Amino acid sequence: RIMNDIKKGIQYAFQTSNNMTLAMSGSGHTAMECAVFNIVEPGESVLVAINGIWGERVAEIAERMGAKVHTLFKTPGGHFTNAEIEQALAKHKPVLFFLTHGESSAGLVHPMDGVGDICHKYNCLLLVDSVASLGAAPILMDQQNIDILYTGSQKALNAPPGTAPVSFSERACHKMFNRKTKPVSYLLDMTHLSNYWGNDGKPERIYHHTGPVSGFFALRESLAIIAEMGLENSWSHHTEIAEYLWKGLEDLGLKLFIKDKDLRLPSVTTIAIPEGYDWKELLAYIMKHHRIEFTGGLGPSVGMVLRIGLMGYNCNKANAAMVLAALEDALKQCRKSKA
């Protein structure tokens, strides 16, 4: 019953009616690998949009399991137009296209409208990472024709880390369950997992692995909280607090890394490292004197940005105000270099 409740909760959070909806036993990476391992067979073509760390990871995962990996590349903070995506799909003819909705290494939320339609025009499945964005920024799986969507439990969903909601469309299931070869991972094989989650129509669920039971109870509660709050209310709340933070940062004379407000990820704000400051010194000062942990960049954005996460329970005006006060103090106390 708990697992069935989780499935319903994920269907609401993802805005999907997909039967093949479940939670992986592991963090967001588990769902990432599950999607690639089950959909793609060795030698098949995969197209990966890289504009931060998550595209880099998917490209490596696909390469490791023997796919022919093609990439669309932008530096952190960049996004892809539908025309650029279509051109690459026509050229490489992939079975799968990967795009990050919430690129937390750059603080960018990627436009999704029309991407699924373009993928289907070229008989390609669309895989989307919404780990940092689900519950904080709008994403509509069925309406936007997303074939595989996954997220993590520990961001705006607010549950402990260790479970990863994922959902597969009927098109994705058709590809996944008509393979010539078995997926490279036994643990992540959807033939077994679909039975484990009661999604294969069989009367009996057979033991496959020991799931993170306590994590599932917590995930169920977090999905219940977001359902009670309402997705639209969760989205608008994250936007409201993010906008309050953005204004405060600009009032301090800081520059936001993502210039277009509509492309900013509400849950992870990125600040361009202020000129003349050592970013590591700023972070260390804030941690030591204010007991607040900011972070620098991640992967390709290291040395480019400071990142502030405000999501789920942590997303409120009092915390945003505390962040602004800590930054104001650090900018005064940390010495500017002469460089």
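The values are calculated or read from the model by the stated rules, or taken from the named source; none is laboratory data. Being a predicted model, the structure only gives us computed values, none of them experimental. Positions of Cβ are generated from backbone atoms using ideal geometry, with glycine treated the same way; all protein chains shown enter the neighbour counts. All accessible areas refer to the heavy atoms of the entire protein, side chains included, with ligands and DNA or RNA removed. Shrake-Rupley method; radii C 1.70, N 1.55, O 1.52, S 1.80 Å.
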*Mind checking the angle between helix 2-14 and the chain's longest principal axis? C-alpha axes, 0 to 90 degrees, to the nearest 10.*
60
*Which length gain, in nm to one decimal place, applies between residue 277 and residue 221 when the Cα-Cα distance is subtracted from 0.36 nm times their residue separation?*
15.9 nm
_Sequence gap of 8 or more, or different chains, plus Cα separation below 27 Å: how many lysine pairs satisfy both in the range 1-229?_
29
*Express the accessible area of the range 1-229 per residue in Å², computed with a 1.4 Å probe while the remaining protein chains stay in the model.*
41
*asked:* Quick one: the Cα spread of the range 231-333 along its three principal axes, in angstroms, biggest first?
replied: 39, 27, 25
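Indicate, rounded to the nearest 5 percent, the antiparallel portion of the DSSP beta bridges found entirely in the chain.
Working: 19 of 36 bridges.
If we restrict to bridges inside the chain, about 55 percent are antiparallel.
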*With Cα atoms, 0 to 90° folded angle of helix 213-229 axis to the chain main axis*: 70
*Distance between modelled label sites at residue 3 and residue 204, nm, 7 Å Cα→Cβ extension*: 1.4
_Taking 51 Å as R0, compute the FRET efficiency from the Cβ-Cβ separation of residue 180 and residue 228 and round it to 0.05._
0.70
_Two-site label geometry, residue 87 and residue 322: point separation in nm, points 7 Å out along Cα→Cβ_ = 4.7
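Enter the accessible area per residue of the range 231-333 (Å², integer; probe 1.4 Å; all protein chains in place). Each step should come with its number before you reach the end.
Details: 5230 Å² over 103 residues.
Accessible area per residue: 51 Å².
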*Pick out which of 105, 17, 234 has the largest mean-square fluctuation in a Gaussian network model of the chain, springs linking Cα atoms closer than 10 Å.*
17
*When the accessible area of the chain is split by element with a 1.4 Å probe, what percent falls to carbon and sulfur?*
52
_Cα-based helix-to-principal-axis angle, 279-290 vs the chain, degrees rounded to 10_ = 80
*Mind grabbing the accessible area of residue 129 for me, 1.4 Å probe, Å², rounded to tens?*
0
*Report the residues of the range 317-338 in range of a label on residue 292: point 7 Å along Cα→C-beta, backbone N strictly under 18 Å from it.*
317-335
*How much accessible surface area, in Å² rounded to 10, belongs to the heavy atoms of residue 216 with a 1.4 Å probe?*
10
